[in-house]
Structure formats: C-alpha cells, structure tokens
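The values are calculated or read from the model by the stated rules, or taken from the named source; none is laboratory data. Here the structure is a predicted model, which is why all the values come from computation and not from measurement. Glycine gets a Cβ as well: all are built from the backbone with ideal geometry, and neighbour counts include every protein chain shown.
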Amino acid sequence: MTTTFSFFGVTTGSSAIRRIFPRWMSELGIDSELVGLDFPVGAPPADYRAAVARIKADPLAVGGLITTHKLNVLAAARDLFDGLDDAATLLKETSCLHKDGERLLGAALDDRTSLLGLDAAVGADYWDDERELVVLGAGGASIALTLGLHRAAQAGRAIPARVAVTARSEARLDEMRELHERIGFAAPVEYLVAESPVAADRVVAAATPGAVIVNATGMGKDRPGSPVSARAPYPRESVLWDMNYRGELHFLADARERARPDLRIVDGWDYFVYSWTKVVAVVYGIDIPASGALFDRLSELARTA
C-alpha cells in the first residue's frame with residue numbers, strides 16, 4: 001500500500017519538493033506520496049501535537065521532514081517520541097520524523113546537511129587563519145550550522161578563524177552562547193545584537209576579506225525583507241550564502257544589483273537537496289551518499305522537475 005511522507009512547513013504548496021518528490025520515489029522504487037502540512041509561524045502547540053500524534057498512530061505514515069517548525073514541534077510533542085538522536089537532544093529540535101516498527105523517532109540532521117551546504121558554497125578547504133564567518137540570525141539553522149562546524153573541527157578539518165553571529169534580541173544569542181560553552185566550540189565567537197539592517201551592516205563591514213556572510217534569518221522566504229540593507233558594505237571577495245532557495249531572497253537580489261564582480265552569490269538550492277535526500281534516506285532506511293552517481297541522479301531529477 002502507498003505510504004505517506006509528511007512535510008511540515010509554512011507554504012508547502014509552493015515548494016519545489018512537490019514536483020521533485022514523486023520523481024525521486026519513482027527513481028528509488030518506493031511507493032509513497034508527499035503530504036504537505038502548513039502551519040503559520042508560531043502556530044498553537046496543540047496543532048503541532050495533533051499532527052505528530054496522527055503520524056504516530058497511522059501505520060502508513062512513515063515519517064517526514066520539518067522546516068520552519070523544528071523547535072516548536074519537539075517542544076509541543078516531545079513525549080510522543082520514543083527516541084531522539086544526539087543532535088535532537090542537544091539542539092532541542094527535530095527536522096526528521098521516522099519510525100522503527102511502532103516507535104516514533106526524531107532526528108536533527110541540519111548540523112550535517114548545513115555543513116554540506118556550506119561546503120558546496122565555498123569548498124571544504126576554504127578556511128584559513130584569516131577568513132571569517134558571519135551568520136545573520138541566531139535561530140535553529142544558525143545553531144545547527146555552528147554545531148556542524150564544531151564537529152568538523154573535531155574531525156580535524158579547518159573551520160573559520162572567527163565567527164560573528166547576529167540576532168535582534170539578546171535572548172536568542174544567549175541560547176547559542178550556552179550551547180557553544182557546553183560543547184566547547186572550537187572557534188572564537190562574537191555574539192552581537194543587531195536590531196536593524198543598518199546595525200547588521202556594521203557587523204558585515206567589520207569582517208575580513210573573503211568572509212562568508214550567511215542569511216540564516218528566514219527573511220526573504222518565510223517573511224519579507226533582508227537582514228542587511230540594500231547597500232551593505234560587504235568586504236572584498238565575500239561569499240554571500242542564503243540558506244533559502246525560494247522566495248523573494250532580497251539578501252541575494254540586492255547583492256546582485258550591486259554588480260560587484262568580487263562577490264560570490266550562492267542560494268540555498270544545494271542545501272535544500274542535501275536536506276531532503278538525507279531525510280528521505282533516514283525515513284525509508286536507504287543509503288543516499290552525499291556524492292556519487294545516485295546523489296547526482298537525484299539532484300538532476302530535482303533541477304529538471
């Protein structure tokens with residue numbers, strides 16, 4: 001019988017995965033369909049809980065992927081999960097629901113997939129003792145990215161010489177600071193309140209040449225605007241990476257209008273593909289490597305959907 005894969009989002013009907021998912025299932029030989037579950041940002045906890053309960057109770061529901069609501073879903077329904085992976089416990093969020101028999105499990109995979117996305121944008125060997133990372137936004141995506149970098153450092157890889165993280169409130173930064181202290185984050189981090197795009201501009205301007213500037217705020221997709229101004233003073237040879245691939249993406253659009261040939265501008269498409277293929281692999285219990293013939297085939301099917 002046809003199983004169902006749930007997609008928790010805000011505007012799931014606009015996502016490219018609606019076209020991509022059936023093609024992937026056909027390629028992988030899996031009889032399963034995508035079910036979109038739309039929630040407004042900050043939906044009532046009871047709504048998240050009801051959705052998780054339905055998935056747990058339905059034998060044909062194999063699990064799913066969560067985008068914007070990772071923290072809220074776990075906070076609302078933690079007792080419905082029979083197990084969490086280490087990252088989900090550490091980050092207090094889940095991006096993947098999957099099952100082991102009748103057991104409902106939660107996993108946070110963004111630390112791995114965001115690092116893959118960053119590597120795709122700049123290369124795993126990009127970092128040296130001068131290049132810095134500026135992360136605009138201190139929510140779940142940002143925290144996961146820094147956790148991915150921490151684990152890369154533990155594996156002996158080079159990571160940014162310095163990390164600067166902005167948020168509009170001190171509370172968001174405190175949460176990230178507490179996690180970094182707990183894990184012993186390997187790079188020096190500056191936690192900066194930037195209540196406006198002009199304030200964020202000052203943080204960007206202070207970065208070193210070749211810095212990677214990441215929009216991890218959700219602005220340009222889930223809500224309008226950009227975390228920086230249209231004339232943000234990017235350091236020379238900066239790399240601008242938006243973790244989103246769809247929406248107005250003002251962060252990238254404004255940079256393109258500047259027509260500065262020294263800037264490298266990267267959207268979140270590769271991150272999107274890494275995120276989805278990783279969750280699909282976990283949910284269906286199959287192996288999808290992050291490179292190689294199968295990944296290339298799935299990526300091509302996604303691009304042409």
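Among the residues of the stretch 278-295, write down those that are part of a helix (DSSP H, G or I), in contact with a helix residue (DSSP H, G or I) (Cβ under 9 Å, 6 or more places away or on another chain) and either of a type in the set (A, V, I, L, M, F, W, C) or without any contact (Cβ under 8 Å) to a residue 40 or more places away in the chain (or both).
Keep residues of the stretch 278-295 that are part of a helix (DSSP H, G or I), which gives 278-284, 293-295.
If we keep only those that are in contact with a helix residue (DSSP H, G or I) (Cβ under 9 Å, 6 or more places away or on another chain) too, we end up with 278-280, 284, 294-295.
Residues satisfying the conditions are V279, V280, L294, F295.
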**Complete:** Checking L105, L115, L147 in turn, the sole residue that is assigned to a strand (DSSP E or B) and modelled with pLDDT of 95 or more turns out to be L105
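Would you check if T208 is polar (S, T, N, Q) and surrounded by 23 or more Cβ atoms within 10 Å (Cβ to Cβ)?
On the way: polar (S, T, N, Q): yes; surrounded by 23 or more Cβ atoms within 10 Å (Cβ to Cβ): no.
Considered against the rule, which asks whether it is polar (S, T, N, Q) and surrounded by 23 or more Cβ atoms within 10 Å (Cβ to Cβ), T208 comes out as no.
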**Prompt:** Pairs, please: C-beta under 6 Å, at least 6 apart or cross-chain, first residue over 28 Å from L91 (Cα atoms) and in the stretch 183-210, second buried (at least 18 other Cβ atoms within 10 Å of the Cβ) and not aliphatic (A, V, I, L, M)?
**Reply:** T208/E132; P209/P235; G210/R131
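Return yes or no: is I159 among the aliphatic types (A, V, I, L, M) and at pLDDT below 95? Quick ask: steps written out before the conclusion?
Values: among the aliphatic types (A, V, I, L, M): yes; at pLDDT below 95: no.
No; evaluated as a whole, the condition is false for this residue.
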**Fill in**
Out of (1) outside any loop (DSSP other than H, G, I, E, B); (2) surrounded by 15 or more Cβ atoms within 10 Å (Cβ to Cβ), the one E300 does not meet is (2)
**Request:** Report whether or not L173 is of a type in the set (A, V, I, L, M), assigned by TED's automatic domain parsing to the domain that holds E130 and in a helix (DSSP H, G or I).
**Result:** yes
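So that you can scan it fast, the table gives a plain yes or no per residue for (1) over 21 Å from the mean Cα position of the chain (by Cα); (2) within 24 Å of H69 (Cβ to Cβ):
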position: I159; (1), (2): no, no
position: V165; (1), (2): no, yes
position: P188; (1), (2): yes, no
position: A211; (1), (2): no, no
position: G218; (1), (2): no, yes
position: V228; (1), (2): no, no
position: W241; (1), (2): no, yes
position: Y245; (1), (2): no, yes
position: R256; (1), (2): yes, no
**Request:** Would you check which residues across the stretch 5-45 are buried (at least 18 other Cβ atoms within 10 Å of the Cβ), farther than 16 Å from K278 by Cβ and among the β-branched types (V, I, T) and list them?
**Result:** V10, T12
**Asked** Scanning for something among the aliphatic types (A, V, I, L, M) and under 21 Å from R236 (Cβ atoms), does the stretch 186-195 turn up at least one residue?
**Response** no
**Asked** Out of the stretch 219-277, which residues are touching a strand residue (DSSP E or B) at 6+ places or on another chain (Cβ under 9 Å) and within 30 Å of D287 (Cα to Cα)?
**Response** W241, D242, M243, N244, V266, D267, G268, Y271, S275, W276
**Message:** Here are the criteria: (1) within 26 Å of H250 (Cβ to Cβ); (2) more than 18 Å from the chain's Cα centre (by Cα); (3) not in a loop (DSSP other than H, G, I, E, B). Tell me which single one Y126 does not satisfy.
**Reply:** (3)
**Asked** What about L109, is it touching a residue at least 40 places away in the same chain (Cβ under 8 Å), more than 29 Å from E237 (Cβ to Cβ) and touching a helix residue (DSSP H, G or I) at 6+ places or on another chain (Cβ under 9 Å)?
**Response** yes
**Fill in**
Per the list (1) under 28 Å from R157 (Cα atoms); (2) out of contact with any strand residue (DSSP E or B) (no Cβ under 6 Å at 6 or more places or on another chain); (3) among the hydrophobic types (A, V, I, L, M, F, W, C), residue check on L74 breaks on (1)
**Prompt:** Quick check: is even one residue across the stretch 72-93 farther than 25 Å from R172 by Cα and touching a residue at least 40 places away in the same chain (Cβ under 8 Å)?
**Reply:** no
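Can you confirm whether S196 is of a type in the set (S, T, Y), closer than 26 Å to G225 by Cα, under 21 Å from the mean Cα position of the chain (by Cα) and surrounded by fewer than 16 Cβ atoms within 10 Å (Cβ to Cβ)? Steps first, answer last, please.
On the way: of a type in the set (S, T, Y): yes; closer than 26 Å to G225 by Cα: yes; under 21 Å from the mean Cα position of the chain (by Cα): no; surrounded by fewer than 16 Cβ atoms within 10 Å (Cβ to Cβ): yes.
When the stated conditions are applied, S196 does not pass them.
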